[in-house]
Amino acid sequence: MLRAHYNFAMPVIATRPCPTEIRTTLEQAGLPAAWARLYAARGVTHPDQVAHRLPGLLPPTGLLHIERASSLLADALAARKKLLIVADYDADGATACAVAVRGLRLFGAQVDYLVPNRIEHGYGLSPALVELAAARQPGLIITVDNGIAALDGVAAANARGIPVLVTDHHLAGDTLPDAACIVNPNQPGCGFASKNLAGVGVMFYVLLALRAELRARGTYAHAAEPDLRCLLDLVALGTVADVVKLDANNRTLVAQGLARMRAGRASPGINALFRVAARDPARATVFDLGFMLGPRLNAAGRIDDMALGIECLLADDPVTALGFARQLDSLNRTRRDVEAGMLEQALAILATFNPADSHTLVAYQPDWHAGVIGILASRLKDKFHRPTLVFAQAGDGTLKGSGRSIPGLHLRDALDLVDRRHPGLILKFGGHAMAAGLTLAADGYDTFASAFETVVRHLLDPADLEGRIDTDGELPASEHSYALAEAFDLAVWGQGFPAPLFTGVFDVVAQHVVGEKHLKLKLMRDDQVFDAMRFSHPDPLPDRIRAVYALMTNEFNGQQSLQLKVQHWEAA
């Protein structure tokens, strides 16, 4: 069952505006001209914003209630209370859990964790999960990457006399849970300058505040303080994998984590994930975290049980960590197979659909795997440039949906508007601007699809539905080099701070298909010939094209060379 109407249009190629004054200021401050241009176009106004030094991090004191959280934890440590982390089942939740467990153990805590199974328990701190938690007799429950919407779960814990410290980053609803303390940059009244911390970032900040509280209590008058920098590899992985906006604060966390990986100081679990992904931690990149390690970690929560991923990140022995990582790698191969089958099925349905003017894409098949619908939604959104929601059976008579949005539509706000117009249609929902999840009654699918279309049609202009590719304009042929491509690889790019993309007109002087589905090219511009690749698109190109491309390093038989990665083209 698939509800979708769309008109295909070639995406518009645009050049990011680059404020001349800011670009000049950055150059005068010592940044090379090419980097000043890129950074100015991404909102950087001062070199300190790209220096990525730890002293430049925003202080924890800016987070609402963080002093209360640190006092609560310090008192629990003093009373030798058992602490129980309740995690989420994605990469952010897994890394946040590992940061919490590893970090609190550095302070001498008795700490364990519990993570819900996606299929059996659903999301977050539910009353059912509180029952499991209570069996472990914790003195304090700490949620990571969840909890801001756990009204019933927190109430169930309170009824059992178990206080709850919520650490989360998701948007808050109209009512907050009655927790002992909530730390969330997105809760009402919090003035923290970065609203973009991932769940793992929030937990890292709580640990920074706890250390400051223990320091103030004199705990370290005659003892060394825990060095929390050892957790930054986990913070970097979770931040990138959760696709939160990489503002200056998050870029610093990621850059510092990457530096530890490259210096050989990553945890055994991180190193094991690099090994099974056949990547070199000494050359760790944001790409590795987002597309190689993150999916392998996420596969546990999607296909099996995220406890496997958390155990990998908690392992102190490299051999043990590698065993877990190999299991995660196997699950990721299964996940890819399931995803490919679902995508093929969805595209087959779309191929027979009569397109008309509509703003959304909503899909459901009874046999789709609930753990992979988010990835499928992302693939369909990328292909058709429509806000997309994909549903699967949750196993309890309800439908579970996962959505991805396009620029211009805040997906959680759109769902909130549907909920207000149709009370009771959505059983529960939550998320962010670009990604969200929801639950429907099994008979609510058609009504929801129509209601979602109506709301999105109201919120989006037709221009928003036209694909747009933002580039950094033309890069002189003389500036193309392996060294620049390598520097781009090692820099911190991501959501809200995109990697450089350039555009230019080239003559196609040679082309042939490799690996059955990729196009290997030789492109000429200004009498210079460049090797290039067009991945997953084997169709031949015309003799002259305007290309949108990235610089890419290539290593083959010990030789290093520059390649252009063609992302999009149009006839020139």
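Read-outs throughout are calculated quantities, based only on the coordinates presented, and are distinct from any laboratory measurement. What you see is a predicted model; the values in this text were computed from it and never measured. Positions of Cβ are backbone-derived with ideal geometry, glycine not excepted, and every protein chain shown enters the neighbour counts.
Report the trypsin sites (Lys or Arg not before Pro) located in the stretch 473-572 that are in a DSSP loop and have at most 15 other Cβ atoms inside 10 Å of their Cβ, or state none. Walk me through the numbers on the way to the answer.
Numbers: sites: Lys517, Lys520, Lys522, Arg525, Arg534, Arg544, Arg546, Lys565; in loops: Lys517.
When the trypsin sites (Lys or Arg not before Pro) of the stretch 473-572 are filtered for loop state and at most 15 Cβ neighbours within 10 Å, Lys517 remain.
Just to confirm a number: summing +1 for Lys and Arg and -1 for Asp and Glu over residues other than Pro226 whose beta-carbon lies under 12 angstrom from that of Pro226, what do you get? Neighbourhood net charge equals +3. Placing a label point 7 Å from the Cα of Met524 along the Cα-to-Cβ direction, the residues of the stretch 552-572 whose backbone N falls under 20 Å of that point are 562-566, 570-572.
Per Stokes-Einstein, at 25 °C and 0.890 mPa s, what whole-number D in µm² s⁻¹ belongs to the stretch 54-330, with the Kirkwood radius over Cα pairs as the hydrodynamic radius?
Details: Rh = 18.4 Å.
Using the Kirkwood radius from Cα pairs, D works out to 133 µm²/s.
Using only Cα coordinates, the Kirkwood hydrodynamic radius of the stretch 469-571 works out to 14.1 Å.
With an 8 Å Cα cut-off and a minimum separation of 6 or more residues, compute the relative contact order for the stretch 354-465 in percent. It rounds to 25 percent for the stretch 354-465.
The orientation-averaged projection of the convex hull spanning the C-alpha atoms of the stretch 277-330 amounts to 3.7 square nanometres. In this simple spin-label model, placing a label point 7 Å from the Cα along the Cα-to-Cβ direction at both Arg215 and Arg265 gives a separation of 1.7 nm.
Pairs of lysines in the chain whose Cα atoms sit within less than 15 Å of one another amount to 5, provided the residues are eight or more positions apart or on different chains.
Under 15 Å from the Cβ of Tyr482, count the other residues' Cβ atoms, weight Lys and Arg +1, Asp and Glu -1, and hand me the total. Net local charge, Tyr482 excluded: -3. Residue exposure proxy: Tyr123, Tyr482, ordered by other Cβ atoms within 10 angstrom of their Cβ from fewest to most, comes out as Tyr482, Tyr123.
When averaged across all projection directions, what area in nm² does the alpha-carbon convex hull of the stretch 181-309 cover? Present the calculation step by step, with values, prior to reporting the outcome.
Numbers: hull surface 38.6 nm².
One quarter of the hull surface, i.e. the mean projection, equals 9.7 nm².
In order along the stretch 138-148, the phi-based Karplus estimate (6.51 cos²θ - 1.76 cosθ + 1.60, θ = phi - 60°) of 3J(HN,Hα) comes to x, x, 7, 9, 10, 8, 10, 6, 6, x, 5 Hz; Gly and Pro are listed as x.
In plain terms, the residue of Asp526, Asp305 with the fewest other Cβ atoms within 10 Å comes first and the most crowded comes last, giving Asp526, Asp305. For the stretch 174-188, backbone nitrogen atoms closer than 12 Å to the point 7 Å from Leu151 Cα along Cα-to-C-beta are found at 174-178.
Computed from point charges on the beta carbon alone (+1 for Lys and Arg, -1 for Asp and Glu), the dipole magnitude for the chain about its Cα centre is near 840 Debye. Once C-alpha pairs closer than 8 Å and six or more residues apart are averaged by separation and normalised to the residue number of the stretch 435-569, the relative contact order reads 20 percent. So what's the chain giving for Cα Rg divided by 2.2 N^0.38 Å, two decimals? The chain yields a ratio of 0.99.
Directionally averaged projected area (the stretch 354-465, Cα convex hull): 6.5 nm². Rounded to two decimals, the Cα-based Rg/Rh of the stretch 102-211, with Kirkwood Rh, is 0.95.
Suppose we keep just the DSSP beta bridges with both residues in the chain; what percent of those would be antiparallel, to 5?
On the way: 54 of 80 bridges.
Counting only bridges with both partners in the chain, antiparallel ones make up about 70 percent.
If the chain linking Ala29 and Ala135 were pulled fully straight, counting 0.36 nm for each residue of separation and taking away their Cα-Cα distance, it would gain 32.3 nm.
The largest-to-smallest principal axis extents of the Cα set in the stretch 151-198 are 36, 18, 17 Å.
List the trypsin sites (Lys or Arg not before Pro) within the stretch 58-119 that DSSP assigns to loop and that have no more than 16 neighbouring Cβ atoms inside 10 Å. List each step's numbers first, then the result.
Numbers: sites: Arg68, Arg80, Lys81, Lys82, Arg102, Arg105, Arg118; in loops: Arg80, Lys81, Arg118.
Here the sparse-neighbourhood loop sites are Arg80.
With 0.36 nm allotted per residue and the present C-alpha distance subtracted, the Lys428-Ala14 stretch has 145.2 nm of extension available. For the chain, hydrophobic long helices are taken as DSSP H runs at least 24 Å long by C-alpha position along their axis with mean Kyte-Doolittle hydropathy of 0.5 or more; these are 199-216.
Annotation for Ile349 and Thr61: the two label points, set 7 Å from Cα along the Cα-Cβ direction, are 5.5 nm apart. Here the simple spin-label model places points 7 Å from the Cα toward Cβ, and for Glu21 and Asp443 these points are separated by 6.3 nm. Residue order for Phe287, Phe324, Phe391, fewest other beta carbons within 10 angstrom first, comes to Phe287, Phe324, Phe391. With helices as the sole contributors, the chain gives -12000 deg cm²/dmol at 222 nm; each DSSP H run of n ≥ 4 counts as -39500 (n - 2.57), and the sum is divided by every residue.
Working from Cα pairs under 8 Å separated by at least six residues, relative contact order for the chain is 13 percent.
Our estimate of slack between Val505 and Asn117, defined as 0.36 nm per intervening residue step minus the Cα-Cα distance, is 134.6 nm. When exposed loop sites are taken as GluC sites (Glu not before Pro) in a DSSP loop with at most 11 other Cβ atoms within 10 Å, the longest stretch of the chain clear of them is 121-515.
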